[in-house]
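First up is the structure itself, then whatever we jot down about it.
The values are calculated or read from the model by the stated rules, or taken from the named source; none is laboratory data. If you're wondering where the values come from, they're calculated on a predicted model, not measured in any experiment. For neighbour counting, all protein chains shown are included, and Cβ atoms are generated from backbone atoms with ideal geometry for every residue, glycine included. Remember, those area values only see protein heavy atoms, side chains included, never the ligands or the DNA or RNA. Shrake-Rupley method; radii C 1.70, N 1.55, O 1.52, S 1.80 Å.
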Amino acid sequence: MPGLIGKKIGMTSIFSEEGKNISCTILEAGPCFVTQIKTEEVDGYNAVQIGYEEQKEHRVNKSLKGHFSKSNSPVLKKLKEFNSFEEEVNVGDKLTTELFEEGDYVEVVGTSKGKGFQGVVKRHGFKGVNDATHGQHNRQRHPGSIGAASYPARVFKGMRMGGQMGNSRVKVENLRVLKIISEKNLILVNGSVPGANNSYITIQK
């Protein structure tokens, strides 16, 4: 599945031909460079490695410098492998938004906003004391009873409790490409995308 690395720029809305206001997310997609082509004979599997966002050469170690110079590409911040590309690509090729067309359906992977350690009301939607569920009656937002009786005398794995929320890999599928602004490497997709503005994402068909 061909794809690109990019950034989430933010959200906006555009008007369709019928005059309907459609909410969409602006994504910067590429330009990316092909840094390596892996084959089953050499690496044990087939993949295309691409890189995104140029950075200063002194920020990477010698092995990465050699890796980028071998592919005749600039020093890049983000590297990612894709299983296959429909189009034939070569090491050093520059990939842009031309991989996609308006009307395509894509999937976007990003890292959701981290919300720190949260309780059961925010994390799992417990009602707290209002409905007095889960054995709770006198503390507004606490989980209430979590265990069973003397048998099994333990808390089962997977019990919904407070804990780390957000900051996890999230994939959103079937986002329709509404508009492509190729001169600025921008893609507008219908719907929301995980992550904060300027966070890295991957887009693939």
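Of Lys80/Lys113; Lys38/Lys171; Lys80/Lys157, which pairs sit farther than 28 Å apart, going by alpha carbon to alpha carbon?
On the way: Lys80/Lys113 21 Å; Lys38/Lys171 25 Å; Lys80/Lys157 34 Å.
Cα-Cα > 28 Å for Lys80/Lys157; rest within.
Based on the Kirkwood radius over alpha-carbon pairs, what is the Stokes-Einstein translational diffusion coefficient of segment 1-85 at 4 °C with 1.567 mPa s viscosity, in µm²/s? Spell out each step's value before the answer.
On the way: Rh = 15.1 Å.
Rounded, D is 86 µm²/s.
Ignoring ligands, DNA and RNA, what percent of the accessible area of the chain is carbon or sulfur (1.4 Å)? Don't skip to the answer; put the middle values down first.
Details: 5820 of 12680 Å².
Carbon and sulfur: 46 percent of the exposed surface of the chain.
With a 1.4 Å probe and all protein chains left in place, how much accessible area per residue does the chain have, in Å²?
On the way: 12680 Å² over 205 residues.
Roughly 62 Å² per residue, with all protein chains present.
If you take the Cα atoms of segment 65-205, find Rg, then find the Kirkwood Rh from the mean of 1/r over all pairs, what is Rg/Rh?
Values: Rg = 23.1 Å, Rh = 19.6 Å.
With Rg and the Kirkwood Rh in hand, the quotient comes to 1.18.
Quote the FRET efficiency, to the nearest 0.05, computed for Asn83 versus Lys20 with a Förster distance R0 of 30 Å and r equal to the Cβ-Cβ distance. Don't skip to the end; give the middle numbers.
Working: r = 36 Å, r/R0 = 1.21.
It comes out at approximately 0.25.
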